[in-house]
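The structure appears right after this line, and notes come after that.
The values are calculated or read from the model by the stated rules, or taken from the named source; none is laboratory data. Everything numeric in this text was worked out from a predicted model, so none of it was measured. Methodologically, a virtual Cβ is constructed for each residue, glycine included, from the backbone with ideal geometry; neighbour enumeration extends over all protein chains shown. Surface accessibility is based on the protein's heavy atoms, side chains included, excluding ligands, DNA and RNA. Shrake-Rupley method; radii C 1.70, N 1.55, O 1.52, S 1.80 Å.
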Amino acid sequence: MRVLLLALLLLPLAACHEDAPREEAPRSVPWHIDGQLRFFRADGTPITEIAIEVADTDSLRMRGLMDRDSFPANTGMLFIFPRAEPQAFYMANTPRSLDILFFGADSTLLNAATYTEPLSLENVTSMGPAQYVVEMPAGFVDRFGLIPGDRIRWTRTDEAPPLDTTAASTAAP
């Protein structure tokens, strides 16, 4: 009798479980390579080059690297703003630690926030008016010894195809 009673009590729970909608695993936003970005020392000495996705509209800048759980090797995001002004970023919905680099209108590095805290709502700000911001996996600034005064230059690739991230790097470069 107890077994029958227990079975009758558990039956509705099992039915509810089967009828419940199943959540799919979150899907990472695909990468789209828009060009190349080069880093230089203040004296013009080349430092490194990366592939970039460009965020140059309000909606692309707002989305940024949110919901990206991996980085293809040597890839980052370049944010282009209409004018140089103080910039503030945060890490909401960004599951990986980043280095965020702020550049003035002349493409000179103002400052970098390194090893930012994933999923944080704390503002990360520029030290002065920035027109360009580059987001890279945490450790990029230390790896290449970037300092204020270093510069960037980029080129755009017309109609670049989406990047195949099946071999995406999940480690910092």
Go through segment 115-130 and give me each residue that's free of Cβ contacts under 8 Å to residues at least 40 places away in the same chain, in a loop (DSSP other than H, G, I, E, B) and either open to solvent by 60 Å² or more (accessible area, probe 1.4 Å) or among the charged types (D, E, K, R) (or both). TYR115, GLU117, LEU119, LEU121, GLU122, ASN123, MET127
Residues of segment 42-62 being under 14 Å from TYR132 (Cα atoms) and assigned to a loop (DSSP other than H, G, I, E, B), in sequence order, are ASP56, THR57
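Can you confirm whether ALA172 is in contact with a Phe, Trp or Tyr (Cβ under 8 Å, 6 or more places away or on another chain) and modelled with pLDDT of 95 or more?
Numbers: in contact with a Phe, Trp or Tyr (Cβ under 8 Å, 6 or more places away or on another chain): yes; modelled with pLDDT of 95 or more: no.
Against the criterion (in contact with a Phe, Trp or Tyr (Cβ under 8 Å, 6 or more places away or on another chain) and modelled with pLDDT of 95 or more), ALA172 does not qualify.
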Taking the residues in segment 61-89 that are over 11 Å from the mean Cα position of the chain (by Cα) and of a type in the set (D, E, K, R) as candidates, determine which candidate is least open to solvent (accessible area, probe 1.4 Å). GLU85
Taking the conditions exactly as written (open to solvent by 10 Å² or more (accessible area, probe 1.4 Å), at pLDDT 95 or above and not in a strand (DSSP E or B)), does LEU110 satisfy them or not? no
From the list VAL141, VAL133, which one is closer than 21 Å to THR48 by Cα, assigned to a strand (DSSP E or B) and either in contact (Cβ under 8 Å) with a residue 40 or more places away in the chain or open to solvent by less than 60 Å² (accessible area, probe 1.4 Å) (or both)? VAL133
In segment 13-60, anything at pLDDT below 95, in contact with a strand residue (DSSP E or B) (Cβ under 7 Å, 6 or more places away or on another chain) and open to solvent by 30 Å² or more (accessible area, probe 1.4 Å) is listed as PRO30, HIS32
